[in-house]
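Below is one structure, written out as structure tokens; the observations come after it.
The values are calculated or read from the model by the stated rules, or taken from the named source; none is laboratory data. This is a predicted model, so every value here is computed, not measured. Neighbour counts run over all protein chains shown; Cβ positions are idealised from the backbone, glycine included. To get the accessible areas, we keep the full protein, side chains included, count just its heavy atoms, and leave off ligands, DNA and RNA. Shrake-Rupley method; radii C 1.70, N 1.55, O 1.52, S 1.80 Å.
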Amino acid sequence: LIDWTSEKEDNSIIIGNTTDLSGKFRYANFGGSNPGAADLDVQEMTRGLETVATTKEGGFEVNKTVVKQLDKVENEDGTLTYTITLNDGLLFSDGTPVTAKNYLYYTMVFSTLVASEAEGKDRQAGLTIVGFEEFNAYDGTNEGDGVSKTFTGLRLLADNQFSVTVKPEYANYYYAISYAGFSPFVKELWCGDFDIADDGEGCYFTKDGEKIVMNSEGIKDHFNAAKSAASNVVSAGPYNLVNYNASTGQATLEINPSYAGNFEGQKPSIQTVVIVKAEDDTMMDAFKTGEINFLSQLSDGDQINAALDLAET
């Protein structure tokens, strides 16, 4: 969408997707392994400001729109530490600043037993990071040998700086730079009233100034909300979700004016994007008449050829 332009007077585009919109936009594969393609499209349009970007050629590149400096240290014990310093002025769509904490919430939360319980499957977001097993094993009662409420491989160093230390068995991976890839989320989405802190030994959860374990009683509502687009939708990406009509299965997005740009510094130019369901029996007529401007997720060869013929004429 960043590369596209619209010929409409209102600078809009209507995308017809062959899959249904379910409203699982903030984390499309929550509780499952195969997210709906249309839901995933909305999710990706409202995410951004990642520290490491995937290029169009499929490689990885430090996102200099976000990252002021990325330092890499190969430690004597075989581990690998990336220290990420963020640029100033990064904002979420509601105008709140994006800080180092925002890049750590997801990995912290989805390395806990609470996440596994809430989503109904094993959660290992921090599997490649030093200290994961000990942190993942903590249930609030069993701190001791091989168990810790502190995630030692994740460090919160300053408001604009954090680090991640990768285990030796992963450090020699050809695309190891991908381990420095983090995306920001607002605290309320995954942590609710909880927060994270670091006293110099690694990150841990905190509430009312106390070092605690995150528990399902205090967080389950926020996990359930992650399956919905009904409230607290704050974007870090190029677009804001401004409306979702569950009865018609239609999502409307508009440019996020706070978006700093992608890894190339580019910002979107199409003001409004509408995503609708493209029905098999009507999609070609809708494409021909302009009710739909772009057809997505076509897999049938006859449909693809028919769409190409219409696009040429």
Spelling it out for VAL67: with amide H atoms placed in the peptide plane at 1.01 Å from N, the residues 5 or more places away or on another chain with amide H under 5 Å from its amide H are ASN87
Per-residue ellipticity at 222 nm attributable to helices in the chain (runs of n ≥ 4 DSSP H, -39500 (n - 2.57) apiece, nearest 500 deg cm²/dmol) works out to -5000 deg cm²/dmol
For region 106-173, averaging the sequence separation of alpha carbon pairs under 8 Å that lie six or more residues apart and dividing by its residue count, the contact order in percent is 26 percent
Of 280-288, 182-190, ordering from highest average Cβ density within 10 Å down gives 182-190, 280-288
Quick note, region 34-119: a/c under 1.5 would make it rounded; otherwise a/b > b/c is prolate and the rest oblate (a ≥ b ≥ c, C-alpha gyration tensor); here it is rounded
A correct Karplus calculation of ³J(HN,Hα) over region 9-19, with 6.51 cos²θ - 1.76 cosθ + 1.60, θ = phi - 60°, whole Hz and x for Gly and Pro, returns 4, 8, 6, 10, 8, 10, 9, x, 10, 6, 9
Probe 1.4 Å, heavy atoms of protein chains only: per residue, the accessible area of the chain in Å² is 49 Å²
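How much net charge surrounds VAL164 when only the other residues with a Cβ under 12 Å from the Cβ of VAL164 are counted, with Lys and Arg +1 and Asp and Glu -1?
+2
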For region 279-313, listing GluC sites (Glu not before Pro) in a DSSP loop whose Cβ sees at most 13 other Cβ atoms within 10 Å gives GLU279
The long-range amide H neighbours of CYS203, using H built 1.01 Å from N in the peptide plane and a cut-off of under 5 Å, are PHE151, LEU154, LEU156
Cα extents of the chain along the principal axes, largest first, in whole Å, come to 68, 39, 37
For the chain, the percent of accessible surface on carbon and sulfur atoms (probe 1.4 angstrom, ligands and nucleic acids excluded) is 44 percent
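Please give me the summed charge of the neighbours of THR150: other residues whose Cβ is under 14 Å from its Cβ, Lys and Arg +1, Asp and Glu -1.
So the surrounding residues net to -4.
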Candidates LYS149, LYS24, LYS72; GNM for the chain (alpha-carbon contacts under 10 Å) flags as most fluctuating LYS72
Scoring the chain by relative contact order with C-alpha pairs under 8 Å, at least six apart, yields a percentage of 28 percent
Contact order relative to length for region 45-150, counting C-alpha pairs under 8 Å separated by 6 or more residues, stands in percent at 12 percent
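Report the calculated FRET efficiency for ALA197 and THR85 (r = Cβ-Cβ distance, R0 = 22 Å), to the nearest 0.05.
0.70
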